[in-house]
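> Please find one structure pasted underneath; my questions will follow.
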Amino acid sequence: MNFADRTLKCRECGGDFVFTAGEQAFFAEKGLLNDPQRFPECRLVRRRQQNGNGPAREMHSVVCAQCGTNTTVPFLPRLDRPVYCSSCFDQVRART
């Protein structure tokens, strides 16, 4: 099959990017039927976000239920559940 470079529009940023003949041949070889939808840099950002390497998570300040020290956790604590600092959490987990 003959492939020619094609210009596509990124669904993320709206910019134009080139879907090269080499990339098209690779897609065909792998059996991929759909054209890429995002600019290569936008794909990288999206992949990082999906893998947890994206923007920093929102941290919440709490007081450890066991030792009383101030700490931060990456989730919004619920009032009906105790929240522990890292060292106390390890101790509680070791007991179970």
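The values are calculated or read from the model by the stated rules, or taken from the named source; none is laboratory data. Bear in mind that the values here come from a model prediction, so they are computed numbers and not experimental data. Note: ideal-geometry Cβ built from the backbone for every residue, glycine included; neighbour counts use all protein chains shown.
> Can you list the strands (runs of 3 or more DSSP E) found entirely within segment 1-83 that contain at least 1 residues being over 30 Å from ARG93 (Cα atoms) and touching a strand residue (DSSP E or B) at 6+ places or on another chain (Cβ under 9 Å)?
Result: 6-9, 16-19.
> Please give the number of the condition ARG57 fails out of (1) surrounded by 12 or more Cβ atoms within 10 Å (Cβ to Cβ); (2) modelled with pLDDT under 90.
Answer for ARG57: the failing condition is (1).
> Return the only residue of ARG78, ARG93, ARG43 being modelled with pLDDT under 90 and surrounded by 11 or more Cβ atoms within 10 Å (Cβ to Cβ).
ARG43
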